[in-house]
Amino acid sequence: MFSATSLVLVLALFKVIYERWVTPLSEVPGAFLHSITSIPMRYHMLRGQLPEFIQKLHEKYGPIVRISPQRVSICDISNVKQVLGSHAFVKAPSYDIPGILEPNTFSTRSPELSIERRKQLGPGFSHKHLNSMERNILKHGVVNLQQKIDELFKKTSHDTDAVVVQYHKWFSLIALDTIGALGFGQNFCALQNEHHELIPVLTRIRIFNYITMTLPWLKSLPRLLGRRLKPLAALMTFSAAAIDQRRKDNGHPKADLLQMMLDSGRNDDHREPLNDPQMVSETILHLIAGVDTTSVAMTWTLSLLLHNPHILHRLTMDIRQEFPTRIITFEDCRQRLPYLSAVINESLRILSPAPSILPRIAPTGGVRLGNYLLPAGTWICSSVHSVHMNPAAFSSPTTFNPDRFMCQNQERHNLIAFATGVRACLGRNLALVEMHVVLANLLRNYNLRFPADQNTNSSISSVSKMDSSTTVEFDDKLRGAGMVPDIPRRTWMTMNPIKPERDCLVLVSRPE
């Protein structure tokens, strides 16, 4: 026993000495404990506070910092674009998904497969295709929302001219309805029923995937894995049933993502069609990514607007003056509502829905980033949140300031909320279309403010009763506020409010 204990202590001491003073990564700045163990990093991951933890390390140690024995984090935008811009830096093993699923566009670590899938599925997320599908996006994201709010007005007493909505939940239901139409050609009626069984399933899968990324050894526990994968099995059954039903309806093809996958390879002799397991994996990805990230992005954008009444007022007046009556399309937003795009971009920057660390592997021969040579095999983590909070990339980074995206400057090119480079988010265009049309039409049709019992700035109440002719004066202190709400939040894959039933309430009323 003494000999065994002594051997363990010697080996542990050797590891400490090697990791802290011998390995090439010993030159990279960072805390002593982080250089010898990944426990602190994993601890903050499990708490859902990794983005904030990494940001504090960058503030203390600089644009490149060691966060575990084999990992470094970078927040210099030029280094980030170098790492993410090439297939030479392959994704880290943490992207691997449970073996019962085929690798998909997001999870695959193979550059060849990534390129192939983007050729197969990319056209479904192009502006051209989304323009042809915008009618469905407007129906499920705008028309259904208006009908639902109007139904609530009818149910209230005549003495009440406003209704309270939990907007985080509603945005999730809208996103599910939209991806149901665009991905499956189905009407889920989630918003209409204010519920859908897929929402809790998708949440459990997201959290489980994140935990197994944090603690990869869990994947080797079949019993635990079997129990936890029941939601995934249910989602696989749902996707497989949708594929089978579409084949039965072959005489009536639909212009959606499912049909695009079924047709892949049929007219191209050089491309293999997707088989059923591959299509199941891709459809599950569409559901998880299409619902969670988009709904969270809209949630934080509306939260920021409600906490900054001067920005909310300016944006609302801008929308109503440009479009007093008709439904607003995405092309309308692009051409005539630049401030809305600026608000959305600034929201994606300061409260990114997925403030990930995007780990990549240093290629053979290593790579030099800044003053440091990182050996082959090093995990290089591009911290989205830290880039967005880096003063070298964005001036006054902690201030919510949409005007920074109204200027033709370099800052607008430093936004990486959808990642960047060869593995950038494939659904970026769809997310932006949804966010623009939902928020534009919501602000045009209704006045929004906090419920009366919520502790907020009293100036917000003046914004709640405005119409297209209203002029509201804000003092200089309020005009330059740009505050970020201190809403408790947790990042498990995506950054969600911890208590949306308390912190994501809005009072909706009709313009006078």
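Things to note:
- Using alpha-carbon coordinates, inclination of helix 230-248 to the longest axis of the chain, degrees: 60 degrees
- On Cα atoms only, tilt of 309-322 relative to the major axis of the chain in degrees: 60 degrees
- Nearest-20 debye value, the chain charge dipole, Cβ charges on Lys, Arg, Asp, Glu: 1120 debye
- Burial order of peptide ranges 201-213, 21-33 (average beta-carbon count within 10 Å, highest first): 201-213, 21-33
- Qualifying chymotrypsin sites (Phe, Trp or Tyr not before Pro) for the stretch 39-102 [loop in DSSP, other Cβ within 10 Å: at most 15]: none
- Segment Asn250-Val422, length gained on full extension (0.36 nm per residue, minus Cα span): 58.5 nm
- At 1.567 mPa s and 4 °C, Stokes D of the chain from Kirkwood alpha-carbon radius, µm² per second: 53 µm²/s
- Relative to the Cα centre, the charge distribution of the stretch 268-394, modelled as +1 at Lys and Arg Cβ and -1 at Asp and Glu Cβ, gives a dipole magnitude of about 640 debye.
- Think of the chain as having a plus end and a minus end, set by charges on the Cβ of Lys, Arg, Asp and Glu; of Trp21, Gly365, Gly62, Trp21 sits farthest toward the positive end of this dipole.
- Taking amide hydrogens as placed 1.01 Å from N in the peptide plane, the amide H of Leu369 sits under 5 Å from those of Leu374, each at least 5 positions away in sequence or on another chain.
- The chain - percent relative contact order, Cα under 8 Å, separation 6 or more: 23 percent
- Using alpha-carbon coordinates, inclination of helix 167-179 to the longest axis of the chain, degrees: 80 degrees
- Based on every Cα atom in the stretch 44-102, Rg and the maximum pairwise Cα distance Dmax equal 13.9, 42 Å.
- Working ranking of peptides 311-322, 6-17, 232-243 by packing, defined as the average number of other Cβ atoms within 10 Å per residue, highest first, is 311-322, 232-243, 6-17.
Coordinate-derived values only; no laboratory data. Keep in mind that this is a model prediction, so the values were computed, not measured. Methodologically, a virtual Cβ is constructed for each residue, glycine included, from the backbone with ideal geometry; neighbour enumeration extends over all protein chains shown.
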